[in-house]
Amino acid sequence: MKKIFCFKIFVIAWAFVLLIGCTRSPADTVKEWRNAILDRDVKKADQYSTAGTHESNQCLVWMLDITKTDTSNAKRALNIVKEEINGKKAVVELLGDDGSRQSFCLVKENGEWKVDFKLEMPSIQLPQGD
């Protein structure tokens, strides 16, 4: 009886460790999302982002294609400066090779961290016709 109880405790503890270990951190999510964008893989980028970010993913890949940007060396190590989790929201800050900083907001959806990114398009004022 004691062996069965110990075995049950072991199984529960092991399942808990597996569940915790399988959860991707916000920083890992940003890395996977960024690499998918650099690979021009919109479907994969969509897996790591909110539904509201999907249109931005397509735009980012489109901009890389239009500018014929070579991203082959861009996917190396990420310099994570900050990873701050506050409940179901998180912020990850990256430090670029040029010293610039870029922040990404994430939200937790169904137990998974998702990048919540929206491109801000500048508003253009068209001249008024006579």
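The values are calculated or read from the model by the stated rules, or taken from the named source; none is laboratory data. Since we're looking at a predicted model, the values are computed, not measured. Backbone-built Cβ (ideal geometry, glycine too); neighbour counts: all protein chains shown.
Looking at region 21-52, which of its residues are under 18 Å from VAL91 (Cα atoms) and either touching a strand residue (DSSP E or B) at 6+ places or on another chain (Cβ under 6 Å) or outside any helix (DSSP H, G or I) (or both)?
Correct list: THR23, ARG24, SER25, PRO26, ALA27, THR29, VAL30, TRP33, TYR48, SER49, THR50.
Exactly one of (1) touching a helix residue (DSSP H, G or I) at 6+ places or on another chain (Cβ under 7 Å); (2) at pLDDT 90 or above; (3) outside any strand (DSSP E or B) is unmet by PHE104. Its number?
(3)
Out of LEU94, LEU60, which single residue is outside any strand (DSSP E or B) and surrounded by 14 or more Cβ atoms within 10 Å (Cβ to Cβ)?
LEU60
Considering only residues that are charged (D, E, K, R), surrounded by 12 or more Cβ atoms within 10 Å (Cβ to Cβ) and at pLDDT 80 or above, look in region 63-83 and name the one that is farthest from the chain's Cα centre (by Cα). Step through it out loud before you land on a result.
Pass one, region 63-83, residues charged (D, E, K, R): 65, 68, 70, 75-76, 82-83.
This time we only want the ones that are surrounded by 12 or more Cβ atoms within 10 Å (Cβ to Cβ), so: 75, 82-83.
Filter again for at pLDDT 80 or above, leaving 82-83.
Values: LYS82: 14, GLU83: 12 Å.
Within region 63-83, the match that is farthest from the chain's Cα centre (by Cα) is LYS82.
Answer yes if at least one residue in region 4-16 is surrounded by 15 or more Cβ atoms within 10 Å (Cβ to Cβ) and at pLDDT below 95, and no otherwise.
No: region 4-16 contains no residue that is surrounded by 15 or more Cβ atoms within 10 Å (Cβ to Cβ) and at pLDDT below 95.
List every residue pair whose Cβ atoms sit under 6 Å apart, with the two residues 6 or more apart in sequence or on different chains, where the first one lies in region 75-103 and is among the small types (Gly, Ala, Ser) and the second, anywhere, is part of a strand (DSSP E or B) and at pLDDT 90 or above.
These pairs meet every condition: ALA90/LEU106; SER103/VAL91; SER103/GLU93.
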